[in-house]
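Heads up, the thing below is written out as C-alpha cells.
The values are calculated or read from the model by the stated rules, or taken from the named source; none is laboratory data. Since the model is a prediction, treat every value here as computed from it, not as a measurement. Every residue, glycine among them, receives a Cβ derived from its backbone with ideal geometry; neighbour counts consider all protein chains shown. Surface areas here come from the heavy atoms of the whole protein model, side chains and all, with no ligands, DNA or RNA. Shrake-Rupley method; radii C 1.70, N 1.55, O 1.52, S 1.80 Å.
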Amino acid sequence: MTNEELRHLAPETRCVQAGYLPGNHDARIMPIIQSTTYKFDTAEDLGDAFDLKIPNPMYTRLGNPSLSWVEEKVAVLEGGVAALSTSSGQAANFFAVVNIAKAGDHVLAMSNLYGGTHTLFGSQLRKFGIDVEFVDPNLSLEELKTHLRPETRCVFSEMIGNPALDVLDLEKVVALAKAGDVPLIVDNTFPSPVLCNPIEWGANIVTHSATKYLDGHATSVGGFIVDGGNFNWNNGKYPELTEPDVDYHGIVYTDQFGAAAYVAKARAGLLRDFGSTMSPFNAFLINLGIETLHLRMQRHSENALAVAEHLAQHPDVAWVNYPGLPSNPNYEKAQKYLPKGQSGVVSFGPKGGIDRARKVINQLGLATLVTHVGDLRSHVIHPASTTHRQLDEAALKAAGVAPDLIRFNVGIEALEDIIADVNQALAQTR
C-alpha cells in the first residue's frame with residue numbers, strides 16, 4: 001500500500017502505517033540513517049541534486065531518509081502535500097513565517113500564543129524588520145479584517161491556545177486570511193492531527209512542536225511544517241516563490257514544485273542557511289511516538305475531561321478551564337472542531353490565589369513540576385512565573401494567563417491515581 005492510498009484510510013491506520021514503506025527484505029521498522037553524507041556516482045548527478053532537479057539527499061542538513069519518512073507520515077496525517085522537519089517547534093514557527101515574510105512585511109498573529117512563540121514573534125521577528133501585530137481572536141470577523149494591511153503576508157494562530165485553552169474559530173480565521181489573500185498558519189500542537197486537521201477546514205500551513213504529543217515521551221525535541229498545497233502563491237505578494245531564486249540558478253519554486261513550492265523553498269533556503277535540522281535519531285523516536293498517537297490522544301482527552309469535571313466540583317478550586325466542559329465558553333467550538341477530544345491540558349486556579357497555586361504545585365507527588373507539556377506523564381507548571389514570565393501584565397492578560405493559573409498536563413496514568421494526587425495536594429494546602 002502506498003502513502004497516497006493510506007491518505008484515504010482512518011487516522012489510526014495512518015499513525016501506524018504511513019511514512020516508511022519497506023520493500024522486499026527491507027527492515028520492517030523505520031531505520032535510523034545516521035549519516036551526514038551520501039554517495040553519488042557522477043559529478044553531474046551531484047550537481048543535479050544541488051540544483052534541486054532530483055530528490056536524493058545530498059547532505060543531512062537539507063534532508064535524510066529517516067527525516068523524509070517521518071515527514072511523509074506527518075504530511076499524510078495532516079492532509080498536506082509535503083512536510084518539513086525542523087530541530088524544534090520554535091524553529092518550525094520561525095521558518096513558517098520568514099519563509100514568506102521579510103523586512104517591511106506585516107504578520108497578523110492571534111494574541112493567545114504560547115509564551116515562547118509570543119516572544120519569538122514580538123521580539124525576534126521585529127528585530128528582523130517584520131511587523132508582528134497581535135490581535136484578540138475573539139474579535140468579530142469584520143473587526144479582524146480592519147487589521148489587515150497591503151503588506152500583510154500571513155495570519156498566524158494556535159488551534160488550542162497555550163495555556164489559555166481557547167479553541168480557534170477556524171472558519172472565521174480562514175475567512176480572515178482569504179479576505180487578505182494571505183495564507184493561514186495554524187499551530188496544531190495541542191490537538192495533534194488525530195483530533196483536528198486544520199487543512200480540511202481551509203488552513204494553508206500547519207506547524208507542530210513534535211516535542212509534545214507527537215513524540216509523547218519527553219525524549220526528543222523537534223518540529224514540523226506541513227504545506228497544505230491549497231494556496232495560490234501567484235497573487236503578486238510572494239515573489240520569493242514565483243520569481244527566479246538567484247541562490248539556485250534561477251529556479252522558480254512554483255514552477256518546479258507546484259503545490260509543494262512552499263516547503264521546497266523552506267528546505268532549500270532556510271534549512272540550508274540556518275541549519276535547524278532534526279537529527280535522524282530524534283526522527284526515529286518521534287516516528288515511534290506517532291505510531292501510538294491515536295491511543296494516547298484518546299486517553300489524554302478522556303482523563304483531562306474527567307479531571308476537569310472533578311475540579312469543577314471541588315470546594316477548594318476557584319475556577320477550571322477545559323474546552324470539553326459544557327459550561328466552558330469554548331465548548332461549542334470544541335464540539336465543532338474537536339469532536340474526538342479536546343486534548344490533555346487543563347488549567348485551574350485554587351482558592352487562595354497565586355500563593356496557594358504554588359503550594360499546590362509543591363505538594364503534588366504523581367504530577368511532577370517540569371517545563372513541558374504533551375507527554376504521557378502528568379505534570380504541572382505555573383506559567384505566569386515560568387513559560388510566560390517574560391510577558392508584562394497586559395500581555396499576560398491577552399494570552400489568557402491568570403496569576404493563579406496552574407497548567408495541568410493530564411497524563412495517561414490511572415484516572416483514580418491522578419485525582420487522588422490532586423485531592424491530597426489541595427487538602428495539604430488548606
So Glu243 ticks every box in (1) buried (at least 19 other Cβ atoms within 10 Å of the Cβ); (2) under 15 Å from Ile100 (Cα atoms) but one. Which box is left unticked?
(1)
Between a first residue in the stretch 160-182 that is assigned to a loop (DSSP other than H, G, I, E, B) and a second residue that is at pLDDT below 95 and open to solvent by 40 Å² or more (accessible area, probe 1.4 Å), which pairs have beta carbons less than 7 Å apart while being 6 or more apart in sequence or on different chains?
Asn162/Tyr114
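Filtering the stretch 308-332 down to residues that are open to solvent by less than 50 Å² (accessible area, probe 1.4 Å) and assigned to a helix (DSSP H, G or I), which residue is nearest to Val410 (Cα to Cα)?
Step one: list which residues in the stretch 308-332 are open to solvent by less than 50 Å² (accessible area, probe 1.4 Å), which gives 308, 311, 314, 316-317, 320-325, 328, 330.
Next, from what is left, pick out any that are assigned to a helix (DSSP H, G or I): 308, 311.
Values: Ala308: 10, Leu311: 13 Å.
If we take residues in the stretch 308-332 being open to solvent by less than 50 Å² (accessible area, probe 1.4 Å) and assigned to a helix (DSSP H, G or I), then Ala308 is nearest to Val410 (Cα to Cα).
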Do you know which residues across the stretch 195-207 are surrounded by fewer than 21 Cβ atoms within 10 Å (Cβ to Cβ) and either in contact with a strand residue (DSSP E or B) (Cβ under 6 Å, 6 or more places away or on another chain) or assigned to a helix (DSSP H, G or I) (or both)?
Glu200, Trp201
Can we say Ala218 is closer than 30 Å to Arg377 by Cβ and of a type in the set (Gly, Ala, Ser)?
yes
Reported set for the stretch 75-93 where residues are buried (at least 24 other Cβ atoms within 10 Å of the Cβ) and touching a Phe, Trp or Tyr at 6+ places or on another chain (Cβ under 9 Å) is Ala75, Glu78, Ala83, Leu84, Ser85, Thr86, Gly89, Ala91, Ala92, Asn93
Could you tell me which of the residues Leu305, Leu270 is open to solvent by 10 Å² or more (accessible area, probe 1.4 Å), out of contact with any helix residue (DSSP H, G or I) (no Cβ under 8 Å at 6 or more places or on another chain) and either modelled with pLDDT of 95 or more or in a helix (DSSP H, G or I) (or both)?
Leu305
With Gln363, Gln342 as the choices, which residue is open to solvent by 30 Å² or more (accessible area, probe 1.4 Å), farther than 18 Å from Pro383 by Cβ and among the polar types (S, T, N, Q)?
Gln363
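Collect the residues in the stretch 7-30 that are open to solvent by less than 80 Å² (accessible area, probe 1.4 Å), of a type outside the set (Val, Ile, Thr) and without any contact (Cβ under 8 Å) to a residue 60 or more places away in the chain, keeping them in residue-number order.
If we filter the stretch 7-30 for residues that are open to solvent by less than 80 Å² (accessible area, probe 1.4 Å), which is where we start, we get 7, 9-11, 13-23, 27, 30.
Those still in the list that are of a type outside the set (Val, Ile, Thr) too: 7, 9-11, 14-15, 17-23, 27, 30.
Hits for the stretch 7-30 are Leu9, Ala10, Gln17, Ala18, Leu21, Pro22, Gly23, Ala27.
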Residue by residue through the stretch 405-424, note down the ones that are out of contact with any Lys or Arg (no Cβ under 7 Å at 6 or more places or on another chain), open to solvent by 10 Å² or more (accessible area, probe 1.4 Å), assigned to a loop (DSSP other than H, G, I, E, B) and touching a residue at least 40 places away in the same chain (Cβ under 8 Å).
Glu413
Can you tell me how many residues within the stretch 208-227 are part of a loop (DSSP other than H, G, I, E, B) and open to solvent by 10 Å² or more (accessible area, probe 1.4 Å)?
6
Failed criterion for Thr368 (all others in (1) among the hydroxyl-bearing types (Ser, Thr, Tyr); (2) open to solvent by less than 30 Å² (accessible area, probe 1.4 Å); (3) under 24 Å from the mean Cα position of the chain (by Cα) hold):
(2)
Residues of the stretch 163-194 being at pLDDT below 95, open to solvent by less than 10 Å² (accessible area, probe 1.4 Å) and of a type outside the set (A, V, I, L, M), which ones?
Pro163
